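The values are calculated or read from the model by the stated rules, or taken from the named source; none is laboratory data. This is a predicted model, so every value here is computed, not measured. Here the Cβ positions follow ideal geometry from the backbone for every residue, glycine too, while neighbour counts run over all protein chains shown. All accessible areas refer to the heavy atoms of the entire protein, side chains included, with ligands and DNA or RNA removed. Shrake-Rupley method; radii C 1.70, N 1.55, O 1.52, S 1.80 Å.
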Amino acid sequence: MGGIAVDEISKNVSCDIVRRTVPGVKDLPVECKILIEEYKCDIVMAIGMPGKEPIDKQCAHEASTGIITAQLMTNTHIIEVFVHEDEAKTSKELASLAEKRTREHAKNAIDLVLYPKRLIRMAGTGQRQGGKDRGPIK
Amino acid sequence: MGGIAVDEISKNVSCDIVRRTVPGVKDLPVECKILIEEYKCDIVMAIGMPGKEPIDKQCAHEASTGIITAQLMTNTHIIEVFVHEDEAKTSKELASLAEKRTREHAKNAIDLVLYPKRLIRMAGTGQRQGGKDRGPIK
Amino acid sequence: MGGIAVDEISKNVSCDIVRRTVPGVKDLPVECKILIEEYKCDIVMAIGMPGKEPIDKQCAHEASTGIITAQLMTNTHIIEVFVHEDEAKTSKELASLAEKRTREHAKNAIDLVLYPKRLIRMAGTGQRQGGKDRGPIK
Amino acid sequence: MGGIAVDEISKNVSCDIVRRTVPGVKDLPVECKILIEEYKCDIVMAIGMPGKEPIDKQCAHEASTGIITAQLMTNTHIIEVFVHEDEAKTSKELASLAEKRTREHAKNAIDLVLYPKRLIRMAGTGQRQGGKDRGPIK
Amino acid sequence: MGGIAVDEISKNVSCDIVRRTVPGVKDLPVECKILIEEYKCDIVMAIGMPGKEPIDKQCAHEASTGIITAQLMTNTHIIEVFVHEDEAKTSKELASLAEKRTREHAKNAIDLVLYPKRLIRMAGTGQRQGGKDRGPIK
């Protein structure tokens, strides 16, 4: 998924990309904060694939909470891209979902930093990254 | 819902409004904090429509926790306006609920900044934004 | 409940009281912090009546977590006085419980600021504000 | 339980002890932080007996989270000594458990401040304060 | 498990190691932060074996949340190595799992500090420390 994100960003904008890998999702929050504060990144994508067991769900929850805190401490967006192992039935579907979600969030990351006004047009249209959009309510 | 909030505020007071859109509810806390610290907003409305799956509920919980932390870090109110997809049976009901809740909270936002004393009169009257009020206990 | 707290405090001590109302329990943490930091309150009572739905329980949990954080950021006590709608069977019982709990916590607030030693005598006696005390274990 | 802690500490070391009582477990985090920052305590024991209802469990969880945050804000240990009302079947058993756990944690508090090396010997031996130790795994 | 970590690190790199023991997992976050801030450790391994009861699971969750916060406050990684008592059926299996997980995470700790690029090669390969790896998705 990290490679896909790099690919999607490189296709759309010209910028420096720092890529880091950590052992598990709970190691993401501090790594994101280091990328923002020490590597001066304008935005970070936090990519992970939590397992399907209750303990994995809890780890993902703890990681998410930490990622939000890291954003508040730095006034910088961190786009969380988590794909849960039980979101798809087959390995192939999961790979496809992971790729789509990563690419859509890579575009969101670009928009947040460079074109925030583009996002307003999407508001209320029920976008769901990597899956079928919910559509607007009527 | 963002458009409705802008409409309601504009009808009631004359003020500058900054509108931003983020990819998901978990991106709201830091965006609200940026609006307060970098855009000098006196109050923020954080509007979102979480889905009905357990994972969506958890995202909403994480977002809410972050929104409260953002308020504590800035000593500024952020009015959370979340409408859960499963709060109504039909799409039409949901749209109506979303509009009512947004308008009522837009008025709350105005009162918190400009007329805090007005809110005291509502205390203990069991107000429920967008739904039937609970009424006072007797 | 706000009125009852003002009444109980006024009957027992002579002091300035600042009363504020917010739209919902999740708006309490930051308002308490503002009262401490900007209004120089020595203690705050955070009063609310969460509903009985799961979403209301979650809001109360988020509010409580925020209230604890607000205390840690200010080194000042905030007495949380929450009465859950499902703590009593009838509206009358609920009103009675709310009044008793508010009055007992108003006294606790006074003791925490003015007479901390009084509280030591109550330690381990199983006090439950507004309900039947549990009594000491033996 | 506060009295037992004072007794156990006094029997083992000579030091000043500050004792404070708060209305409920959720008032513990800020009181512990005040004891560390304003009373210059080297360590704090946070003692409480949460009830057995779900709401009590949640209060204990919120208190625990706050106690951990208080430690992180002060770089000082706070030993949490919670005895849940439903940990024992009879009132007598509960009193006995509370006393044992308090005494064992009082010794832990002393070791953490004065003899940190003593604790290393206990690592991996499956100590459970107040109950039967789990023993080492083999 | 602490001894195993010391052994694995010593076999792979030459560095100073500070070992501390705390009474329970909830005492880990502040101890890790002290090791980083006062003992100037470059990385910390937080090792614990939570029990199998619901209360133990909750303690582990609170500890994990605190460990993430400690990392965010120090911009330093803390590798959490928790082995839950119910992760294996026999005591022997549990001991084996604990040893494997500790050794693999000790290597992760070394890589994070000295060889961050090594970790990128592992990204997306579904590593699960101490158990069967999940493998990459295809």
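Odds and ends about this structure:
- Expressed as a whole percent, the accessible area of chain B that falls on carbon and sulfur atoms is 51 (1.4 Å probe).
- Charged side chains reduced to their Cβ positions (Lys and Arg at +1, Asp and Glu at -1) give chain C a dipole of some 680 debye around its Cα centre.
- Trypsin sites (Lys or Arg not before Pro) lying in DSSP loop within the range D:50-111, provided at most 13 other Cβ fall within 10 Å: D:52, D:89
- Think of each Lys and Arg Cβ as +1 and each Asp and Glu Cβ as -1; about the Cα centre, that makes the dipole of the range E:61-138 roughly 560 debye.
- When the alpha-carbon atoms of the protein assembly as shown are used, the pair Rg, Dmax equals 25.8, 72 angstrom.
- In a DSSP loop and with at most 13 other Cβ atoms within 10 Å, the GluC sites (Glu not before Pro) in the range C:18-90 are C:38.
- For the range C:98-105, backbone phi angles converted through the Karplus equation (6.51, -1.76, 1.60; θ = phi - 60°) give residue-by-residue couplings of 4, 5, 4, 4, 5, 5, 5, 6 Hz, Gly and Pro being listed as x.
- Selected from D:23, D:48, D:77, residue furthest toward positive end of dipole (chain D; charges at beta carbon): D:77
- Percent of Cα-Cα distances greater than 14 Å, calculated over the range A:18-78: 51
- Note that chain E carries a Kirkwood radius of 15.8 Å, evaluated over its alpha carbons pair by pair.
- Chains E and A, summed buried accessible surface - 1.4 Å probe, Å², nearest 100: 2300
- Highest mobility in the GNM of chain A, judged by mean-square fluctuation with C-alpha springs under 10 Å and restricted to A:29, A:50, A:116, is found for A:116.
- Residue B:18 paired with residue C:122, simple spin-label distance in nm, labels 7 Å along Cα-to-beta-carbon: 4.5
- Alpha carbon centroid spacing (whole Å) that separates the range C:77-109 from the range B:15-61: 32
- Remark on residue E:81: its backbone amide H falls under 5 Å from those of E:46, E:47, E:48, a criterion applied only to residues 5 or more positions apart or on other chains, H modelled at 1.01 Å from N.
- Rounded to 0.05, the FRET efficiency of the residue A:39 and residue C:90 pair, given R0 = 56 Å and the Cβ-Cβ distance, is 0.40.
- Across D:52/D:89; B:107/B:132; A:26/C:26; A:107/E:132; B:107/C:40; D:132/E:52, pairs whose alpha-carbon gap is larger than 23 Å: A:26/C:26; A:107/E:132; B:107/C:40
- Dipole moment magnitude, nearest 20 debye, the protein assembly as shown about Cα centre, only Lys, Arg, Asp, Glu C-beta charged: 960
- For chain D, modelled as a GNM whose springs connect Cα atoms under 10 angstrom apart, the maximal fluctuation among D:27, D:16, D:111 occurs at D:16.
- Whole-number percent relative contact order across the range D:47-113, with pairs defined as alpha carbons under 8 Å at least 6 apart: 34
- Relative contact order for chain B, counting Cα pairs under 8 Å that sit 6 or more residues apart, in percent: 24
- Residue C:1 sits among other residues whose Cβ lies under 9 Å from its own Cβ, and their net charge, with Lys and Arg +1 and Asp and Glu -1, is 0.
- Net charge of neighbours whose Cβ lies under 15 Å from the Cβ of residue B:67, counting Lys and Arg as +1 and Asp and Glu as -1: -3
- For the range C:27-131, the residue among C:122, C:66, C:108 whose Cα projects farthest onto the positive side of the dipole built from Cβ charges is C:122.
- In straight-distance terms, cross-link reach from residue A:117 covers every one of the aspartates and glutamates whose alpha-carbon lies under 15 Å from its own, apart from those fewer than eight places away in the same chain; here that gives B:31.
- The range B:57-97 - accessible surface per residue (Å², probe 1.4 Å): 35
- Cβ-defined net charge surrounding residue D:24, 10 Å radius [Lys, Arg +1; Asp, Glu -1]: -1
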